[in-house]
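Scroll down for the structure; my scribbles are underneath it.
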Amino acid sequence: MDGSRSDPGQAVTEIYKFGRYYLNPAERRLAHDGRFIDIKPRTFEVLCYLVANSGQTVTKDEILDVVWEGHFVEESNLAVHISRIRKMFEKTGAEGYIHTLSGSGYQFVESVETVENEEWKEAVSGATPLVDPYGLDEDCESIAVMPLFNENGDTEIDYLADGMTEALINNLSCRPDLRVLARNTVFRFKNEEIDVKEVGKRLNVSSVLTGRIRISDDDISLSVELCKSEDGTQLWGAKFDKNFSEIFEMQDSITNSICENLNAEIDRASRRLSSQQQTKNTESYRLYLKGKYFVNQGGLSALTRALSLFEESTRSDPLNASAYVEIANCYLWMFFYEEFNREEAIRHTERMLSHAQLIRELPEYHLLRGCISMYLDWDIANAERSLSTAINLNPNFARARYYYANLLSNQKRFKEALEQLSIIMQLDPISVVNNKNAAKIFYKMERFENAISCLDEVLDLDPNNYEALLIRGAAKTELQQYQDAIEDLQSALSLHEHPEAISMIGYCLGLMGNVEGACAAREKLRIMSKSQNVPANYFGILELGLGHFGKAIALLRKGLKTRYPDVFYTSGSSVGKVEGESGFRENRGFHRSSHKTLKPRPGVGRGFNRTKSWERQSRVRTH
């Protein structure tokens with residue numbers, strides 16, 4: 001560097017190299033040894049300014065003025081960001097890059113050079129767009145926003161209490177220096193008396209927000225209290241008496257007050273996202289909240305009702321991007337319920353997302369893009385880009401991390417998948433879905449005992465969980481615990497007569513040498529296929545258990561051609577393992593390898609998500 005101060009605008013156009021690191025301010029990315037490192041937005045800006053002025057002493061006031069754009073901020077905040085940068089370097093094997101000059105400021109002392117874009121592209125070609133690969137910041141504040149208590153006791157307005165709770169969670173989640181527990185976990189405490197100290201200990205959070213809401217016509221009375229979980233002392237509290245038309249101002253006021261009291265950073269991107277992601281039309285917002293309420297109920301009838309409400313919401317405000325995203329989400333799930341074929345689902349979702357592009361910074365938009373790429377297009381590269389973008393926009397987005405972990409494990413990138421699961425378990429610790437997801441990953445890793453342990457926890461919370469019983473039965477089959485496996489699989493079938501369960505029972509019976517029982521299961525599948533769609537891969541799985549590999553390959557190949565969602569999870573890896581053709585394992589199948597070196601394992605645990613009879617299950621489904 002030449003010793004002159006770097007202009008912040010010019011610095012953005014440069015690409016820097018120091019040690020084994022590359023820093024690209026324009027793309028807001030830091031790479032180390034071919035892996036991207038996630039840094040919180042404000043921390044990234046501090047690093048960029050130090051690197052751009054390497055070898056020079058930059059004062060604290062200078063950094064605060066440039067990075068915080070003249071806004072007043074405590075000097076201690078800068079020290080926090082410097083500490084994070086140093087920790088990041090330590091974790092990646094580098095130390096001493098930043099010197100503190102007492103009474104003066106800081107100096108980046110490592111040699112820095114600027115490089116051309118071609119070198120940057122070569123350095124990061126094939127790099128995994130990891131999100132927070134070193135885990136959540138242990139020192140960051142954390143909060144559980146508990147469900148607002150509906151003082152009216154009227155279930156007709158539950159949607160508003162739940163919707164406002166979820167809105168607060170979402171608004172806070174965009175703050176990069178705040179760990180916010182996910183909806184799934186906190187809503188397990190709905191309608192319960194909240195002991196702040198007990199909740200804080202159980203959920204491992206430093207603070208808890210509780211509140212009570214009462215509705216009278218269009219008037220809202222809301223009282224909220226933010227408490228330290230360590231001792232239950234109040235950090236902040238307020239009471240609002242507003243008209244529904246002022247709901248946005250009320251939510252923003254609560255969000256900002258929480259951040260101020262927790263010293264959480266509200267960076268420019270978060271502020272912009274928070275202001276853009278909501279419609280300002282109160283009637284459109286009311287309909288949107290009702291739609292979200294029904295989405296969270298689960299089941300086809302609730303989904304259909306939600307779709308109608310979201311459509312009404314867009315009629316009230318044609319610019320409500322969030323509602324268009326939710327409509328597209330409903331269409332995707334209707335594909336899973338077999339209400340639409342793949343082509344229809346693509347057409348409907350793309351039409352809705354074209355409206356949602358009004359706001360490309362919605363994390364939910366990119367999550368849905370990722371799911372469409374993964375489940376409809378089978379385009380893994382695009383799916384990964386979209387899911388990574390969603391998480392970068394909202395680091396607390398547990399649902400996006402959930403799908404990203406699935407994608408990683410499907411590609412046999414198990415270490416990265418487990419890193420995501422570790423973060424998810426911090427964001428959403430009391431979750432049936434997350435424990436099942438962990439079990440699936442352990443199953444794919446052939447760590448069957450670990451998978452069973454996770455599923456035991458699921459079944460403690462939800463004894464009649466079809467998918468958990470199915471996967472546990474499959475894991476026990478791989479451990480050759482056949483009798484116990486059959487018990488789990490039969491229990492799953494009694495809850496939900498789905499061809500997947502019948503296929504798995506036939507597979508297990510075949511491995512046990514019970515040819516008559518396996519053939520009976522095959523006949524049951526054949527009869528079922530006359531009245532409903534039974535994908536060819538279910539027949540193929542059963543034939544694997546009987547040792548009919550040639551027939552199994554033909555059926556699994558047939559399944560691949562349909563691009564049916566279950567086939568995405570099963571056929572490719574099964575075919576590839578039987579034939580030894582690795583090509584099938586690259587981008588599609590990923591669940592299974594061989595059974596004690598003899599038989600490939602089938603895919604399990606997807607069919608229940610779609611079928612109409614799933615509505616008979618009582619548990620809440622999070623879409």
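Annotations for the structure displayed:
- Number of residues in region 522-565 that are farther than 21 Å from residue 343 by Cβ and open to solvent by 10 Å² or more (accessible area, probe 1.4 Å) equals 20.
- Taken together, the residues in region 35-68 that are modelled with pLDDT of 90 or more and outside any helix (DSSP H, G or I) amount to 7.
- Region 191-208, residues that are open to solvent by less than 10 Å² (accessible area, probe 1.4 Å), outside any helix (DSSP H, G or I) and more than 20 Å from residue 394 (Cβ to Cβ): 208
- Pairing residues of region 334-348 that are free of Cβ contacts under 8 Å to residues at least 24 places away in the same chain with residues that are open to solvent by less than 40 Å² (accessible area, probe 1.4 Å), at Cβ distances under 6 Å and at least 6 apart in sequence or on separate chains, gives 340/334; 348/331.
- Search result, residues across region 233-245 that are open to solvent by 30 Å² or more (accessible area, probe 1.4 Å) and touching a residue at least 24 places away in the same chain (Cβ under 8 Å): 235, 236, 243, 245
- For residue 504, the test of being in contact (Cβ under 8 Å) with a residue 12 or more places away in the chain and in contact with a Pro (Cβ under 7 Å, 6 or more places away or on another chain) is passed.
- Subset of region 479-501 [over 25 Å from residue 450 (Cα atoms) and assigned to a helix (DSSP H, G or I)]: 494, 499
- Leading residue by the ranking (most open to solvent (accessible area, probe 1.4 Å)) among those in region 474-498 that are touching a residue at least 40 places away in the same chain (Cβ under 8 Å) and aliphatic (A, V, I, L, M): 495
- Unique residue being hydrophobic (A, V, I, L, M, F, W, C) and surrounded by fewer than 22 Cβ atoms within 10 Å (Cβ to Cβ) when the list is 345, 390: 345
- The criterion of at least 3 residues that are under 23 Å from the mean Cα position of the chain (by Cα) and either crowded, with 20+ Cβ neighbours inside 10 Å or modelled with pLDDT of 85 or more (or both) is met, among strands (runs of 3 or more DSSP E) falling completely within region 101-190, by 141-145, 178-180.
The values are calculated or read from the model by the stated rules, or taken from the named source; none is laboratory data. This one's a predicted model, so the numbers in the text were calculated from it and none came from an experiment. Ideal geometry is used to build each Cβ from the backbone, glycine not excepted, and the neighbour counts take in all protein chains shown. Note: accessible area is taken over every heavy atom of the protein model, side chains too, but ligands, DNA and RNA are not part of it. Shrake-Rupley method; radii C 1.70, N 1.55, O 1.52, S 1.80 Å.
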